[in-house]
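Step one of this worksheet: look at the structure below.
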Amino acid sequence: MESYAASKAEVLVLSAVTGQDGYDSRPELDADGWRLLLSNLDRLASLAAERSVRAVLHPHVGTMIENGDQVRRVLEHSAISLCLDTGHLLIGGTDPAELTRQAPERIAHTHMKDVDASLAAKVRSGRLTYTEAVRGGMYRPLGAGDVDVQAIVTHLGARGYDGWYVLEQDTILTEEPRAKGPVEDVWASAEHLRAVLRGIA
């Protein structure tokens, strides 16, 4: 933590990783495991705050905090703030726009992603692995998927959110892109977010 604070970073993004490779499967926590995880999240947030760093929990597919029930459990039984990863939340079954409406005060950092909800549903049901869905184009440029970017930015803005909007474009490359590749998607996402921000300014 000391070396992280020395970097002058303001936000520390944490995920409850499983210790397994990849994100296609994960174990389930028992009651003791949940107690330990929740207490450790609060302990880490407190240690970070002592050094003027804000720790945030990143719900992520294939980690111990993936689905809607697990996100709610963290919100109800821990004080840690969230990293709102709009794509991973939707894939895990949490509507990120509804989360920003219900608990905007818990969101301190945002990873903006868009996803195809039909492929996300296949991941949740087990018909596709996470890796298969990513390879199949589950992640889309902002505005081309099913995440309600407008509502998310509006809800956060109304609460006075002044954190980062980090653009991420997850993909799996199996060969050298023939044209611009993922860079084109990143530019499309950046322009979409700029347009949304201009619209609510």
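Please go through (1) outside any loop (DSSP other than H, G, I, E, B); (2) among the aliphatic types (A, V, I, L, M); (3) within 15 Å of L89 (Cα to Cα) for A195 and return the number of the only condition it doesn't satisfy.
Result: A195 fails condition (3) only.
Residue by residue through the range 152-201, note down the ones that are of a type in the set (D, E) and in contact with a Phe, Trp or Tyr (Cβ under 9 Å, 6 or more places away or on another chain).
Those that are of a type in the set (D, E) and in contact with a Phe, Trp or Tyr (Cβ under 9 Å, 6 or more places away or on another chain): E168, D170, D185.
How about the range 31-59: which of its residues are over 18 Å from L75 (Cα atoms) and either in a loop (DSSP other than H, G, I, E, B) or aromatic (F, W, Y) (or both)?
E50, R51, S52, V53
Given the conditions (1) surrounded by 12 or more Cβ atoms within 10 Å (Cβ to Cβ); (2) within 20 Å of S125 (Cβ to Cβ); (3) of a type in the set (D, E, K, R); (4) over 14 Å from the mean Cα position of the chain (by Cα), report the number of the one that E66 does not fulfil.
Unmet condition: (4).
Report whether or not V123 is in contact with a strand residue (DSSP E or B) (Cβ under 9 Å, 6 or more places away or on another chain), assigned to a helix (DSSP H, G or I) and closer than 29 Å to V196 by Cα.
no
Does any residue of the range 71-78 turn out to be among the polar types (S, T, N, Q) and touching an Asp or Glu at 6+ places or on another chain (Cβ under 6 Å)?
Taking every residue of the range 71-78 in turn, at least one turns out to be among the polar types (S, T, N, Q) and touching an Asp or Glu at 6+ places or on another chain (Cβ under 6 Å).
Any idea which of A48, A16, A9 is surrounded by 11 or more Cβ atoms within 10 Å (Cβ to Cβ), modelled with pLDDT under 85 and of a type in the set (A, V, I, L, M)?
The unique qualifying residue is A9.
Anything in the range 158-192 that is in a helix (DSSP H, G or I), open to solvent by 60 Å² or more (accessible area, probe 1.4 Å) and of a type in the set (A, V, I, L, M, F, W, C)? List them, or say none.
Across the range 158-192, the qualifying residues are A158, V183, V186, W187.
Which one of L89, L128, L142, L119 is among the aliphatic types (A, V, I, L, M) and within 12 Å of the chain's Cα centre (by Cα)?
Among L89, L128, L142, L119, only L89 is among the aliphatic types (A, V, I, L, M) and within 12 Å of the chain's Cα centre (by Cα).
All but one of (1) assigned to a loop (DSSP other than H, G, I, E, B); (2) touching a strand residue (DSSP E or B) at 6+ places or on another chain (Cβ under 6 Å); (3) modelled with pLDDT of 95 or more hold for C83; state the number of the condition that does not hold.
Unmet for C83, out of (1) assigned to a loop (DSSP other than H, G, I, E, B); (2) touching a strand residue (DSSP E or B) at 6+ places or on another chain (Cβ under 6 Å); (3) modelled with pLDDT of 95 or more: (1).
Please go through the range 129-157 and give me each residue that is part of a helix (DSSP H, G or I), open to solvent by less than 50 Å² (accessible area, probe 1.4 Å) and among the β-branched types (V, I, T), ordered by number.
The answer is T131, V134, V149, I152, V153.
The values are calculated or read from the model by the stated rules, or taken from the named source; none is laboratory data. Since the model is a prediction, treat every value here as computed from it, not as a measurement. All Cβ positions, glycine included, derive from the backbone under ideal geometry; neighbour counts span all protein chains shown. The area values use the complete protein model at the heavy-atom level, side chains included, leaving out ligands, DNA and RNA. Shrake-Rupley method; radii C 1.70, N 1.55, O 1.52, S 1.80 Å.
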